[in-house]
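Everything below concerns the one structure shown next.
None of the figures in this text is laboratory data; all of them are computed from the coordinates on show. Quick caveat: nothing in here was measured; it's all calculated off a predicted structure. Here the Cβ is made from the backbone with ideal geometry for all residues, glycine too, and neighbour counts use every protein chain on show.
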Amino acid sequence: MQVSEPRRTFLTLDGLRAVGAFMVVMRHVWFLFGPVAVPESFLAVDLFYLVSGFVVAHAYRERLAAGGFFWDFVKTRIIRLYPLYFCGMALGVAAALTSIFTDPQGWWTWSKLGWALGSGLMMVPFMPGMPANGSSLDGPTWTLLPELVGNFAYALLIRFLNLWTLILIILACGAGVVMVELKFGTLDVGFGATQFWAALVRVGFSFFTGVLMFRLSGHRQHHLEWASWALVLVLTVLLAWRPDDDVKPLFELAVVLVGFPVLLLLAGNFEPSAATGKVFAFLGLLSYGIYIVHQPLGNLVRFAVGRDMEWPEDVSGLPYGAAFLVFVTLVAWFLDRRFDGPVRKVLRRWFLERKKA
């Protein structure tokens, strides 16, 4: 009889996810951070896909490979993502309504709000002819459907995913990532009406590379505090870097195709001390919530104090940014305790546990 491999935590990966989430906050709520710009922080999306592949392979590989788990896996992943996604939509609606009532001549209209809410609740991607969709209410949500596509493709293909098949998928999607960079001059694409293919190759490369990294390194563990912090620092530098325009395409490709996989390979091996691990685990737990709710919250903050306010453009404005990071973390913590956790528990009972009973 085959013995299941013991489950373990990956606390350094939690730290990386937290850094990525905070960097995305700084990107989208830029007006609170003065001169501190992080133009390459959109690459955190590729990191999230990479970590998703690693973690999904660790958590579900055996059950999926055994067969009979596909539809439960589909429900499990939707239950994991949807409650906080719904919160992001609700906050986005609040921000849109505020805009409609305070700026009737602005971008938002009742028609656009209807389109955004109707398509957003179903996670419909932005397509030609649509005036708005869910990502119009909450920008970061465009990344979730491609992630689910990657998850479900993995679950469907797992019986055929020997090492060489996995490598071929990664090479094909990696070539697609290069094509995206050559076509658009950046990897900051995938959310536009004609760019869904770009989102799919981004998730295809990073997600399945994460799966490969788990096969190569997910079973080793070394406790080395300085290594965990060094990896977190390296990610911070990569996402905060501002390359010259002439080397920007090479920088982005190098980070996504080489840098992040190496970072993940190392992060899957090195774990911090118990004290640091608790911090990483806490922030990693909240990273998805932070990622999902920060943009509409930032819009609401801007409306509340006046959209035309002259925000400080020097370092004197950084306390505003720091306060917002604390605020959005507390909101994510509250939602995790009072909404996301309880709702997912009920949904699991309805859609997963009843079947077993």
Check your understanding: Taking H as built 1.01 Å from N, whose amide H comes closer than 5 Å to the amide H of H223, not counting residues under 5 places away?
Key -> E271
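Determine, for each peptide in 41-53, 96-108, 72-84, the mean count of other beta carbons within 10 angstrom over its residues, then list the peptides with the highest first. Kindly include the intermediate steps, with their values, before the conclusion.
Details: 41-53: 25.2, 96-108: 13.8, 72-84: 18.7.
Taking the mean over residues of other Cβ atoms within 10 Å, the ranking is 41-53, 72-84, 96-108.
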Practice item. Please build a GNM for the chain, connecting alpha carbons under 10 Å apart, and tell me which residue among V234, V38, V55 fluctuates the most. Key: V234
Review point. With labels modelled as points extended 7 Å from the Cα through the Cβ direction, what inter-label distance (nm, one decimal) is found for W226 paired with A153?
Key: 4.1
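Ignoring GluC sites (Glu not before Pro) that are buried or in helix or strand per DSSP, and keeping those with at most 11 other beta carbon atoms within 10 Å, what is the longest stretch of the chain between them?
On the way: sites that count: E310, E313.
The longest such stretch corresponds to 1-309.
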Exercise for review: Under a 10 Å cutoff between Cα atoms, tell me which one of A94, A57, A66 has the largest fluctuation in the Gaussian network model of the chain.
Suggested key: A66
Check your understanding: Using alpha-carbon positions, what is the distance between the centroids of the range 70-118 and the range 285-357, in Å?
Key -> 14
Revision key, fill the gap. Here the range 146-154 yields Karplus 3J(HN,Hα) values (6.51, -1.76, 1.60; θ = phi - 60°; whole Hz; Gly and Pro given as x) of x, 5, 5, 4, x, 4, 6, 5, 4
Review point. Among the trypsin sites (Lys or Arg not before Pro) within the range 190-298, which fall in a DSSP loop and have no more than 15 other Cβ atoms within 10 Å of their own Cβ?
Key: R220
Review point. So how do L239, L300 line up by other beta-carbon neighbours within 10 Å, fewest first?
Key: L300, L239
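Multiply the residue gap between F160 and F101 by 0.36 nm, knock off their C-alpha separation, and tell me the result in nm, one decimal place. Don't skip to the end; give the middle numbers.
On the way: separation 59, 0.36 × 59 = 21.24 nm, distance 5.41 nm.
The F160-F101 span can extend by a further 15.8 nm.
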Point to revise | GNM result for the chain, Cα springs below 10 Å: residue of A155, A198, A37 fluctuating most strongly | key: A37
Check your understanding: If you plug each phi of the range 35-52 into the Karplus form 6.51 cos²θ - 1.76 cosθ + 1.60 with θ = phi - 60°, what whole-Hz ³J(HN,Hα) values come out, in order, with x for Gly and Pro?
Key -> x, 7, 9, 10, x, 8, 5, 4, 5, 4, 4, 5, 5, 4, 4, 4, 5, 4
Point to revise | Calculated log₁₀ intensity ratio I(q)/I(0) where the Debye formula runs over C-alpha points of the chain, q = 0.06, 0.12, 0.15 Å⁻¹ | key: -0.22, -0.94, -1.52
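So what is the diffusion coefficient of the range 289-357 in µm² per second by Stokes-Einstein at 37 °C and 0.692 mPa s, using a Kirkwood Rh over Cα pairs? List each step's numbers first, then the result.
On the way: Rh = 14.6 Å.
Answer, rounded: 225 µm²/s.
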